[in-house]
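The values are calculated or read from the model by the stated rules, or taken from the named source; none is laboratory data. Note that the coordinates shown come from a computational prediction; the quantities given were computed from them, not determined experimentally. We place every Cβ from the backbone using ideal geometry, glycine too, and count neighbours over all the protein chains shown.
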Amino acid sequence: MTTDRFNAVEHTRFTDVKWVSQIGSTNTELLSLARKGGHEGNVLIADMQTAGRGRRGRVWTAPPGTSLMMSILLRPAPQTLQLANASLITSALAISTIEAVQALTGVELRVKWPNDLVVDSPNETEKDTDPGYRKVAGILSETLLTNATIDALVIGMGLNVNWGYVPSELEQVATSLDLLANSNIDRNDLAYRILRNFELHYEELSGEEGQARTLQRLRKHSATLGRRVVILSEAKSGTERLYGLAIDVDDSGRLIVQDDEGTAHAISVADIEHLRLDGR
Amino acid sequence: MEVQAELTATVWKVVVEQGASVAEGDELVILESMKMEIPVVAPTAGTVTELKVGEEDRINEGDVIAVIEPS
């Protein structure tokens, strides 16, 4: 038996949950709603996106009904969450998802900085080209500002739920919860649990202690901390590479990387790859 | 009218061209900072007379992104 689609999550701010079979992008739709005055707690879930986007406009696609594509409209109170630590909202959704997936399937996801949810690669595929992890979900936050404060924030997630199999071109890149759990996943139940958890973790961000706890949980669930990484930054002269050890995430969500000379760098915008200890 | 950056960020996408006519609320550029994408929109309708940033530029709070001649 599977859970029915729901229109609200009891005892939460998510009182207006809409489901659509097909849409360009759930984030784009909610950003448009935000510009028209849409209220906090609007949620949009799609079976299929025809113009799904990841960070930096990367295409995000999945066959109909096999992924959970969900966006949430928030209007954080300016006196509690500033732009500088708004990335904690992304972390709160990542933690909420990790906990819901663990409870429903037993699968343990971790956060690859900045906003992917991954599992380790299976051991038998130790090829040089293997990145060391498989992506299961990605999160994209988009923010509307007014006078340097957050007017609205739309946070969207694409979570691979019931792929059935991994297309050969994605074998070394991605996987899906059903394959990790060896069973079909109740997508509606998972969405409900994520939103219920997110209510608690988002509410917690209104206080400094809660923000510190969120950061601690993020560190605990990080797949990146303690890893040797290469930071890839796009510059006009081409891609710049910085090698080092990922040692911390600060309260603005920046990744702290210590380079081989011992200098710490705070990374706010970049792509990273995990490296093996033997440097391959 | 100058459109300034409200935070330190990287310009990941330039949406309009210099000389373009824009309506109030149209996206000019999209910034990326702290795991978020942040559209910078036209505060008024007019013509983009100057576009002072390019893709991948790193900009600071207060930097001028564009100049719009109101219509």
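Scanning the range B:6-19 for residues that are at pLDDT 90 or above and surrounded by 14 or more Cβ atoms within 10 Å (Cβ to Cβ) yields a total of 5. Within the range A:227-245, the residues that satisfy the criterion of being in contact with a strand residue (DSSP E or B) (Cβ under 7 Å, 6 or more places away or on another chain) and surrounded by 12 or more Cβ atoms within 10 Å (Cβ to Cβ) are A:ARG227, A:ARG228, A:VAL229, A:VAL230, A:ILE231, A:LEU232, A:SER233, A:LEU242, A:TYR243, A:GLY244, A:LEU245.
What pairs come out if I take residues in the range A:141-165 that are surrounded by 18 or more Cβ atoms within 10 Å (Cβ to Cβ) and pair them with residues that are aromatic (Phe, Trp, Tyr) and assigned to a loop (DSSP other than H, G, I, E, B) whose C-beta lies under 8 Å away, six or more apart or interchain? Once the first residue is surrounded by 18 or more Cβ atoms within 10 Å (Cβ to Cβ) and sits in the range A:141-165, its partners that are aromatic (Phe, Trp, Tyr) and assigned to a loop (DSSP other than H, G, I, E, B) give A:GLY158/A:TRP60.
When the range A:59-109 is filtered for residues that are in a loop (DSSP other than H, G, I, E, B), surrounded by fewer than 23 Cβ atoms within 10 Å (Cβ to Cβ) and within 11 Å of another protein chain (Cβ to nearest Cβ), only A:GLN82 remains.
In the range A:179-201 there is no residue that is in contact with a helix residue (DSSP H, G or I) (Cβ under 7 Å, 6 or more places away or on another chain) and not assigned by TED's automatic domain parsing to the domain that holds A:SER87.
Taking the conditions exactly as written (of a type in the set (A, V, I, L, M, F, W, C) and assigned to a loop (DSSP other than H, G, I, E, B)), does A:VAL166 satisfy them or not? When the stated conditions are applied, A:VAL166 passes them. Within the span defined as the range A:5-25, one or more residues are in contact with a strand residue (DSSP E or B) (Cβ under 9 Å, 6 or more places away or on another chain) and within 30 Å of A:ILE267 (Cα to Cα). Does at least one position in the range A:186-201 carry a residue that is surrounded by 19 or more Cβ atoms within 10 Å (Cβ to Cβ), assigned to a loop (DSSP other than H, G, I, E, B) and in contact (Cβ under 8 Å) with a residue 40 or more places away in the chain? Looking for residues that are surrounded by 19 or more Cβ atoms within 10 Å (Cβ to Cβ), assigned to a loop (DSSP other than H, G, I, E, B) and in contact (Cβ under 8 Å) with a residue 40 or more places away in the chain, one finds none in the range A:186-201, hence no.
Please go through the range A:24-76 and pick out each residue that is β-branched (Val, Ile, Thr) and either at pLDDT 90 or above or not assigned by TED's automatic domain parsing to the domain that holds A:THR90 (or both).
Once the filter is applied, which keeps residues that are β-branched (Val, Ile, Thr) and either at pLDDT 90 or above or not assigned by TED's automatic domain parsing to the domain that holds A:THR90 (or both), the range A:24-76 yields A:THR26, A:THR28, A:VAL43, A:ILE45, A:THR66, A:ILE72.
Could you check the range A:6-55 and list, in sequence order, the residues that are buried (at least 16 other Cβ atoms within 10 Å of the Cβ) and aliphatic (A, V, I, L, M)? Passing the criteria: A:VAL9, A:VAL17, A:ILE23, A:LEU30, A:LEU31, A:LEU33, A:ALA34, A:VAL43, A:LEU44, A:ILE45, A:ALA46, A:MET48. Between A:SER233, A:SER237, the distinction of being more than 16 Å from A:THR12 (Cα to Cα) and free of Cβ contacts under 8 Å to residues at least 12 places away in the same chain belongs to A:SER237 only.
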